[in-house]
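Notes follow once the structure below has been shown.
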Amino acid sequence: MMASVVVQPSSKISRSIRSIAVVGGKGGVGKSNLSVNLALAMGQQDVKVALLDGDLGLANVDILLGVQPEYNLIHLVRGEKDLKDVICSVGDQVFLVPGGAGVEELANLDDNSQSALIDKLADLDAMADIIIVDTGAGIHKNMVSFALAVDTVILVTTPEPTSIRDAYGLLKSLVFSAMGKLDVKVLVNMAVSQDEAKLVSDRMRFAASQFLRMDLGYAGYVLLDPKLTEAVRARKPLLRLFPRSAASECIRMIAMDLLESEERIPGAGKGVKSLFFKLSRRLGMKVERG
Ligand SMILES: Nc1ncnc2c1ncn2[C@@H]1O[C@H](COP(=O)(O)OP(=O)(O)O)[C@@H](O)[C@H]1O
Ligand SMILES: [Mg+2]
């Protein structure tokens, strides 16, 4: 008889990065600004954050941060640069991974170069605690791929009925394309009051539970704040330019709640390898439209 092999769990606790994707059904709902400022807010909590620009069509996180990265993921994909050349520090605890077109090239790699690249990216696990991915709008294959590869999805909507409908449509297509459990939290941006945001999120959560049989979470709300537009024009992140503004306060609160809820999840994150492995697989697949 063969002796059974018992695999001992490693006694060394290896921390793996947790991943969050910021998605929305529509352009202009605030995804990029939220990604940037949530990253900075978490950085202020002494959490190391990698911010990945995952919007292929409109990679603009660098502009919002007022930085000009020389290289992006594409140089890493092509083996022309190392991770350390591509990442760009944007604060004490926060660095940007300029993604752009590099993300799409992931899908075109053969298996060997893909795993070589993913091995290189795995260094991010040791460099950051959380990776936040800003994505493009709508039910784009790239965006859905990110949403299905991360640990937590932040679904951004404004109180406008068109935005709510698009966000719900996106949620539906995520639920239909997901193979396992999905952790999605709705974030209501540009709300005029906490009550308005609550109403919007309650309606979406009710619909999700009734028609999609899913437990949609609530990440919180960010008030409509002209200071945010001012910050964008100044090419400076809101949290730095107007740290005491209403929207900054809201974003800090959401960041704290997110960090707290991430901590409660045992086993920490699935890590960068898992994220990019799933992503590259997903990018090669067809996406269902909801
Ligand atoms: N909370 C807010 N209050 C006021 N204006 C906002 C707010 N959030 C976003 N905006 C406006 O919306 C614009 C688009 O935001 P952006 O983050 O680029 O959206 P997305 O990435 O979803 O396309 C910003 O330039 C800003 O003018
Ligand atoms: Mg954007």
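The values are calculated or read from the model by the stated rules, or taken from the named source; none is laboratory data. Just so it is clear, the structure is predicted and the values come from calculations on it, not from any experiment. Note that we place each Cβ from the backbone using ideal geometry, even for glycine, and neighbour counts take in every protein chain shown.
Each residue in segment 93-138 was checked for being charged (D, E, K, R), in contact with a helix residue (DSSP H, G or I) (Cβ under 6 Å, 6 or more places away or on another chain) and in a loop (DSSP other than H, G, I, E, B), and 1 pass. In a residue-by-residue description of segment 89-102, the property of being surrounded by fewer than 19 Cβ atoms within 10 Å (Cβ to Cβ), free of Cβ contacts under 8 Å to residues at least 40 places away in the same chain, more than 16 Å from ligand 2 (Cβ to nearest atom) and farther than 22 Å from R240 by Cα applies to no position.
Filter segment 133-150 down to the residues that are of a type outside the set (A, V, I, L, M) and more than 9 Å from the chain's Cα centre (by Cα) and list them by number.
Selection gives G136, G138, H140, K141, N142, S145.
Please specify each residue of segment 149-165 satisfying the condition of being touching a residue at least 60 places away in the same chain (Cβ under 8 Å) and either among the β-branched types (V, I, T) or in a loop (DSSP other than H, G, I, E, B) (or both). Within segment 149-165, V150, D151, T152, V153, I154, V156, T157, T158, T162 meet the criteria. It is to be established whether one or more residues within segment 135-148 are closer than 27 Å to R281 by Cα, touching a Phe, Trp or Tyr at 6+ places or on another chain (Cβ under 7 Å) and surrounded by fewer than 23 Cβ atoms within 10 Å (Cβ to Cβ). There is no residue in segment 135-148 that is closer than 27 Å to R281 by Cα, touching a Phe, Trp or Tyr at 6+ places or on another chain (Cβ under 7 Å) and surrounded by fewer than 23 Cβ atoms within 10 Å (Cβ to Cβ). Would you mind listing the helices (runs of 4 or more DSSP H) fully within segment 30-91 where at least 2 residues are away from ligand 1 (no atom under 14 Å from the Cβ), modelled with pLDDT under 95 and within 25 Å of L283 (Cβ to Cβ)? Of the helices (runs of 4 or more DSSP H) lying wholly inside segment 30-91, those with at least 2 residues that are away from ligand 1 (no atom under 14 Å from the Cβ), modelled with pLDDT under 95 and within 25 Å of L283 (Cβ to Cβ) span 73-77, 83-86. If only residues of segment 213-236 that are more than 16 Å from ligand 2 (Cβ to nearest atom) and closer than 18 Å to S163 by Cβ are counted, the one that is surrounded by the most Cβ atoms within 10 Å (Cβ to Cβ) is A219.
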